[in-house]
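Below is one structure, written out as structure tokens, with a few remarks after it.
The values are calculated or read from the model by the stated rules, or taken from the named source; none is laboratory data. Remember, it's a predicted structure, so these values are computed and weren't measured experimentally. So basically every Cβ, Gly included, is an ideal-geometry build from the backbone, and we count neighbours across all protein chains shown. Side chains included, ligands, DNA and RNA excluded: accessible areas come from the protein's heavy atoms. Shrake-Rupley method; radii C 1.70, N 1.55, O 1.52, S 1.80 Å.
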Amino acid sequence: MMLFVSAGVWRHVQNMIIMSTFLFLVVSAVIRQANLCLEKEILLLPPVNFTIIVTGLSKVHLQWKPNPNQNPKIRGIKYKVKINTPNEDDYETPRTQSRSVNVLHQGFSASVQTILHCDSSFFQSSWVSAELQAPPGAPGTSAVNLTCVTNVVSDDVSLHCTWFVGKNAPVDTQYFLFYRFDIYTEECQDYRKDSWNRNIACWFPETAIDRKGHGQLAVHVNGSSKQIAIKPLDQLFDLHAIDQVNPPVNVTAKLEGNRLYIQWEKPVSNLPRQCFDYEVNIYNIREDYSKIQKIQGNSFNLVIDPTCKHSLKMRATVHFSCRKNGLWSEWSQSIYVGEDKPTHQTEWLLSVLMATACFLLLSLFVICRTCQVWTKLFPPIPAPNRKVKDLSFSNIYEKTKSGETEIEVISYMEDPGLDNLDDSVF
């Protein structure tokens, strides 16, 4: 009697056989590994052919191979990588290669070893190491105080970096800047120079940098001189820390009575509206007093003195719920509300001051009139003595009658005989 098996049933049987075989092998490997873990010592051999290769700005590729003499029965082998310089770090990986992003102007050194976690036991091999030498350059010649800021302009991310010249850099030193984001590397084409024509700043109007501010930015500044070798500088920036968002837009203010209402729209950005925090700076011009208020949302109101003129401006930053905090934006353009009107208290004070001034002037006049202060300060000039006056006219008459000139009359009047005038004349 012949039995016929359908194709579907046969495939199911084949899958069952394959699965059973796989499970048998896994169980066998587990049993062997369990038996192996019972051993007090397991010999692990270090990796071989460990190399470090620079694959980009501040990026290296670490690669090694398993030791060919390692016991093939040992399963579950991993590798521990330790970065020695410039910054210490260590991690485990089951692979035979790894990547590291690090500054390289001070050199780079790393080590790797074979490890095995076996139940509660841990086994490890000896270390093997490799290193990259620091690039050549005289001390004190590299660029210093490198700072960078990113900003979203339309749909592109701009990058602006500045630095100072090294204290030992010759006058003919020239610096050149490169940035790398992910797989993209670009050299600066727009520099700003100092008085010695040395590059000290760079501007990228468009870059390949992520518009949401995620990831790391690698910046490299090298230099050249005819006198000595210039040491390069590498620096890594977290994008969220150097991303300066745009100011809020369409800021409007309306004053109703003594209540000020402010509205605005989120900055130009790919982030949603709820991702921003704001600060509003309200400045009372008359009293020279400013108040800064932190706000979430897109509107705000407060009570102010409507008789004083106020200026207000706003800035924004990204809320920590969307990413790590970064830089505040620039302040928006100032807008003005209110008018400088004198208050009732001011009007009353001016009236009191004017009345007081009038009273003081009137009192001074009365005092001067009563006490003859003016006469004492400015006494009148007394008239000449009667006898002296008659003598003068008599002499003038005689001289005129004898035909003397007017000049002689004046000369006679100055005769010493006039010394007998009353002293009060002078």
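Here are a few things to note about the model shown:
- Test: residue in region 130-148 that is open to solvent by 50 Å² or more (accessible area, probe 1.4 Å) and without any contact (Cβ under 8 Å) to a residue 12 or more places away in the chain: no
- Test: residue in region 37-50 that is in contact with a Leu (Cβ under 8 Å, 6 or more places away or on another chain), assigned to a loop (DSSP other than H, G, I, E, B) and at pLDDT 90 or above: yes
- The residue of region 163-200 that is farthest from residue 104 (Cα to Cα), among those that are open to solvent by less than 40 Å² (accessible area, probe 1.4 Å) and of a type in the set (Ser, Thr, Tyr), is 173.
- Residue within region 103-123 that is part of a loop (DSSP other than H, G, I, E, B), without any contact (Cβ under 8 Å) to a residue 12 or more places away in the chain, open to solvent by 30 Å² or more (accessible area, probe 1.4 Å) and on the phi < 0 side of the Ramachandran plot present: yes
- Looking only at region 89-102, and only at residues there that are assigned to a strand (DSSP E or B) and of a type in the set (D, E, K, R), the one that is most open to solvent (accessible area, probe 1.4 Å): 99
- Unique match (being within 19 Å of residue 148 (Cβ to Cβ) and in a strand (DSSP E or B)) among 218, 253, 208: 218
- Selection status of residue 54, open to solvent by 20 Å² or more (accessible area, probe 1.4 Å), within 29 Å of residue 142 (Cα to Cα), β-branched (Val, Ile, Thr) and part of a loop (DSSP other than H, G, I, E, B): no
- Matching residues, region 279-311, being modelled with pLDDT under 90, more than 17 Å from residue 336 (Cβ to Cβ) and of a type in the set (S, T, N, Q): 296
- Of the listed requirements (1) buried (at least 18 other Cβ atoms within 10 Å of the Cβ); (2) more than 26 Å from the chain's Cα centre (by Cα); (3) not basic (Lys, Arg), residue 314 misses just one: (2).
- Some residue of region 197-211 being within 24 Å of residue 87 (Cβ to Cβ) and in contact (Cβ under 8 Å) with a residue 60 or more places away in the chain: no
- Residue, nearest to residue 153 (Cα to Cα), within region 256-274, restricted to residues that are surrounded by 14 or more Cβ atoms within 10 Å (Cβ to Cβ) and modelled with pLDDT of 90 or more: 267
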